[in-house]
Amino acid sequence: VVDSLEGVTHALRTNEYHDRNPMFHWVLEALDIRRVCIEDFSRLNLQYTLLSKRKLQWFVDTGRVPGWFDPRFPTVQGMMRRGLTVDALKEFILGQGASKNVNLMEWEKVWATNRKYLDPVVPRHTAVTTTDAAPPVPFLLKDGPATVETKNVPKHKKNDSVGTKVTSYLNRILLDQVDAAACEKDEEVTLMDWGNAIVEEIVKNDAGLVTELRGRLNLAGSVKTTKKKLTWLADIPEIVQLELIEYDYLITKKSLSEDDVFEECLNPVTMHHTRAIGDANLAQLKKGDKLQLERKGFFICDDPDASPKVLFYIPDGHTKKPGNF
């Protein structure tokens, strides 16, 4: 009745209300008022995702998430906090059209669309992971600069408008443990955005863990001839402590049927924490800033004031099953 009186020409609603259409039209005819055209469309469903407000409220009430803004929730606030851009969300929704068929969309399509908007504009930075069991590995370069040298370099090699950052160079740099473990004696590797270096000595502890690499620079070497391209950080006091958080699906089943009890399909682990150290430029991060950590992926800064700073991993559109961190 309100639609008719207020001049609405087409009422758009999801097709679970389709059975009520005859009653809708009967009321309008009985009152002898203008007929409104009803356009039914199917609700957008997403894999491994609950859309029922009642079920989502259960996660909040039981303390499994802190609120409706949680990055694991399919709410606008939650998705934006996880790094989804407005433009990507609009493109994805408009691309689906108004179908009447029941659909089950993949999150990978959402995040792949988002990546198209992030990749050309977000700055690139460097981080090295660190744990008690596998701390960063020092790489001592005997012909590297004995004191810190700095250089302004582009934040994005293909987009000068993103600005510049300061990169520090020193004869003692830090590598990811996994990268150091993969190096071989006398191997030539590429230190990204610096040049080549030759690993002359590999030091390990009694447990076989690499504790130090020693070698020399070979900046005249060709980066095209090396198999390993390594991210690195100068070992300086200004490096920034980071906590990298990756979220997972809340449930382990692609689609719940009416007979499924969702409490029996819960994903036991939905967050993965990784400690890291980042380049000194990350000290300037603000809440909501998006960036790419080289060889680690896209991230959004959630809490720049915390120590360590908290960054959320932004999915990149590659297929991922629950629990596959």
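The values are calculated or read from the model by the stated rules, or taken from the named source; none is laboratory data. In this text, all values refer to a predicted model and were calculated from it rather than measured experimentally. Backbone-built Cβ (ideal geometry, glycine too); neighbour counts: all protein chains shown. Ligands, DNA and RNA are stripped out before the accessible areas are found, and what is left, the full protein with its side chains, is counted by its heavy atoms. Shrake-Rupley method; radii C 1.70, N 1.55, O 1.52, S 1.80 Å.
Summary of values
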| read-out | value |
| --- | --- |
| Backbone N under 13 Å from the residue 283 label point (7 Å along Cα→Cβ), restricted to the stretch 115-148 | none |
| Accessible carbon and sulfur surface of the stretch 1-153 relative to its total accessible area, %, 1.4 Å | 55 percent |
| Net dipole in debye of the stretch 88-148 [+1 Lys, Arg Cβ; -1 Asp, Glu Cβ; about Cα centre; nearest 20] | 260 debye |
| Cα-based helix-to-principal-axis angle, 86-96 vs the chain, degrees rounded to 10 | 50 degrees |
| Whole-number accessible area per residue in Å² for the chain, which is evaluated in the context of all protein chains at 1.4 Å | 55 Å² |
| Cβ-based charge dipole, the chain, positive-most Cα from 131, 88, 195 | 195 |
| Percentage relative contact order, the stretch 50-207, counting C-alpha pairs under 8 Å, at least six apart | 13 percent |
| For the stretch 25-123: rounded, prolate or oblate by the Cα gyration tensor [a/c cutoff 1.5] | oblate |
| Within straight-line cross-link reach of residue 142, lysines at Cα separation under 27 Å, skipping those fewer than 8 residues along the same chain | 151, 165, 185, 204, 224, 227, 228, 229 |
| Relative contact order [Cα under 8 Å, 6+ residues apart], the chain, whole percent | 18 percent |
| Simple Cβ-charge dipole of the stretch 270-317, Lys/Arg +1 and Asp/Glu -1, about Cα centre, in debye nearest 20 | 60 debye |
| Acute angle (nearest 10 degrees) that the helix 107-118 long axis makes with the longest principal axis of the chain, alpha-carbon atoms | 60 degrees |
| Extreme residue, positive dipole direction of the stretch 82-233, given options 231, 183, 103 (C-beta unit charges) | 103 |
| Sum of -39500 (n - 2.57) over DSSP H runs of 4+, divided by residues of the chain (222 nm, nearest 500) | -5000 deg cm²/dmol |
| Convex hull volume per residue in cubic angstrom - Cα atoms of the chain | 185 Å³ |
| Nearest-10 value in Å² for the accessible area of residue 1, using the 1.4 Å probe | 70 Å² |
| Net charge dipole size for the chain [Lys, Arg +1 and Asp, Glu -1 on Cβ; Debye, nearest 20] | 640 debye |
